[in-house]
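In what follows, a structure is listed as structure tokens, so that the remarks can point back to it.
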Amino acid sequence: MYDCLQDSYADFSFAIFDAVGRPRPLCGSLSATPLPSGDGQSLHELAAFARDQGYAVEQLDQQLTVQDISLADALAINARYGDTLIISCDLRRDPPVRI
């Protein structure tokens, strides 16, 4: 489970490589909106940062979505912009882990 206030996760594990050594990273979408007291400048800075990293970005009004982001980059974005933006992230592994 990820704790966005502490920028950490606990009781969480996954295999980085599959049985034949191919990477299996978690990836998904990250959404960001300005804090109620924010002016939206951080949202524009995040969009530029994500594009510089090679991510596809969608922006509608005061919400920004970064597509196919990795866990490491999502954590880096949260550390960098978490004090000025509300950040939500949904990461999954493809294919899903079999239980």
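Residue selection: A74 satisfies the criterion of being surrounded by 15 or more Cβ atoms within 10 Å (Cβ to Cβ), part of a helix (DSSP H, G or I), modelled with pLDDT of 90 or more and among the hydrophobic types (A, V, I, L, M, F, W, C). Annotation note: Cβ proximity below 6 Å between a residue of the stretch 43-57 that is closer than 15 Å to G28 by Cα and a residue that is open to solvent by 40 Å² or more (accessible area, probe 1.4 Å) (sequence gap 6+ or interchain) occurs for A56/Q67; V57/R51. Remark: S31 falls outside the filter, which requires a residue to be at pLDDT 75 or above, in contact with a Ser or Thr (Cβ under 7 Å, 6 or more places away or on another chain) and assigned to a helix (DSSP H, G or I).
For the stretch 44-61, the criterion of a residue being open to solvent by 60 Å² or more (accessible area, probe 1.4 Å), small (G, A, S), at pLDDT below 90 and outside any helix (DSSP H, G or I) is satisfied by no position.
The values are calculated or read from the model by the stated rules, or taken from the named source; none is laboratory data. Predicted model only: the values in this text are computed from it and were never measured. Here Cβ is always computed from backbone atoms with ideal geometry, including for glycine, and neighbour counts include all displayed protein chains. Side chains included, ligands, DNA and RNA excluded: accessible areas come from the protein's heavy atoms. Shrake-Rupley method; radii C 1.70, N 1.55, O 1.52, S 1.80 Å.
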